[in-house]
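Asker: Starting off with a structure, shown below.
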Amino acid sequence: MHIQDVEDAMEKEIKNMLYTVDTEAFIEKITPRNPTATQALRDLKKAKHYQASRWAGFPERPPSGEEKVLYKPFASVSNAIVKTIRHEVRTKIVYLDCHSETPKSTEPDMAAGRPYGAGAAADSAMKALEVKIRKLEEEIAADTQHAVKKQNALSKLRRKEKDL
């Protein structure tokens, strides 16, 4: 299968499923006459996170096959939105661009899957997570040392048995 075949198949699959819409019209449609959303958009515009009907930082035309250039602006805009409406949604989530390295997590599947972006709890929750990760790393190191000692003892016993 050639690259063009894959691109054609993908285009066929998503045709009539994804749309480009005017952001302000979309916000008005899903939150009609919502002063909070209107003010949030004004604040985002004033802080230059939203300019000329576009979210700041996103390339006008994303390079073909280079979605990783979108992760950093997505995280930045998401964080700006959360910061702007934090008093309304009461969240402490921080969005991370982690396409180039695996995020630290106590969740084993998170590290295995290495997401391109992630939402994480901020501030005190992150500090608590770091403490938990350090403890887990210490436990892993201790378990590894213990396993090495057991392996060495087993090897020693096998050598003794062989000599008998």
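Read-outs: derived from the displayed coordinates by stated rules, not from any lab. Keep in mind it's a predicted model, so treat the numbers as computed, not measured. Positions of Cβ are backbone-derived with ideal geometry, glycine not excepted, and every protein chain shown enters the neighbour counts.
Asker: Taking amide H positions as placed 1.01 Å from N in the peptide plane, with prolines and chain starts having none, which residues 5 or more places from residue 56, or on another chain, fall under 5 Å of its amide H?
Answerer: Result for residue 56 returns 50, 51.
Asker: Would you mind computing, in nm to one decimal, how far apart the modelled labels at residue 136 and residue 38 are, each placed 7 Å from Cα along Cα→Cβ?
Answerer: Each label point lies 7 Å from its Cα, and together they span 4.6 nm.
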